[in-house]
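This report concerns only the one structure given below.
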Amino acid sequence: MVTETRGHAYWQNDSKKNRLQELAELPENAKLVLTKDSKLIIVYLVSGQQYELNGPALVQFKNAKPLALSGRMPKTIGANPVLSGKTKIDPKSVQTAGQ
């Protein structure tokens with residue numbers, strides 16, 4: 001799930017290049033294009049791990065973590081999450097500041 005955006009990022013196959021919105025869910029194997037000076041913060045809901053993505057880059061989202069196909073590599077940010085098997089993050093109840 002995307003928790004923060006700066007700049008411009010869009011789905012690779014989006015001919016209109018619509019800007020990716022905060023709280024968007026990213027399916028497995030989805031590919032995003034990040035333009036120069038763009039930044040995304042994403043969280044994997046299963047693990048709770050956060051990643052910072054910076055453009056320019058082409059990033060594919062795998063089950064465990066994002067993979068840079070070209071450009072800048074994703075950075076792991078924040079503390080390692082300590083999630084038990086019972087901990088779940090419900091995307092419907094997540095809200096960013098100011099929304």
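The values are calculated or read from the model by the stated rules, or taken from the named source; none is laboratory data. All of these numbers come straight from a predicted model, not from anything done at the bench. Here the Cβ positions follow ideal geometry from the backbone for every residue, glycine too, while neighbour counts run over all protein chains shown. With ligands, DNA and RNA removed, areas are computed over all heavy atoms of the protein, side chains included. Shrake-Rupley method; radii C 1.70, N 1.55, O 1.52, S 1.80 Å.
Among the residues in segment 12-30, are any part of a strand (DSSP E or B), in contact with a strand residue (DSSP E or B) (Cβ under 6 Å, 6 or more places away or on another chain), more than 24 Å from residue 93 (Cβ to Cβ) and not aliphatic (A, V, I, L, M)?
Looking through segment 12-30, none of the residues is part of a strand (DSSP E or B), in contact with a strand residue (DSSP E or B) (Cβ under 6 Å, 6 or more places away or on another chain), more than 24 Å from residue 93 (Cβ to Cβ) and not aliphatic (A, V, I, L, M).
In segment 49-71, how many are open to solvent by less than 60 Å² (accessible area, probe 1.4 Å), free of Cβ contacts under 8 Å to residues at least 40 places away in the same chain and part of a loop (DSSP other than H, G, I, E, B)?
Counting residues in segment 49-71 that are open to solvent by less than 60 Å² (accessible area, probe 1.4 Å), free of Cβ contacts under 8 Å to residues at least 40 places away in the same chain and part of a loop (DSSP other than H, G, I, E, B) gives 1.
Go through segment 32-48 and give me each residue that's among the basic types (Lys, Arg) and open to solvent by less than 70 Å² (accessible area, probe 1.4 Å).
Answer for segment 32-48, where residues must be among the basic types (Lys, Arg) and open to solvent by less than 70 Å² (accessible area, probe 1.4 Å): just 39.
Just to be sure I understand the filter: pairs with C-beta atoms under 6 Å, separated by 6 or more residues or on different chains, first member in segment 23-48 and aliphatic (A, V, I, L, M), second member in a loop (DSSP other than H, G, I, E, B). Which pairs pass?
Filtered contacts from segment 23-48: 33/12; 34/55; 43/1; 45/1; 45/89.
Is one or more of the residues making up segment 11-34 at pLDDT 95 or above and more than 14 Å from the chain's Cα centre (by Cα)?
No, the conditions are met nowhere in segment 11-34.
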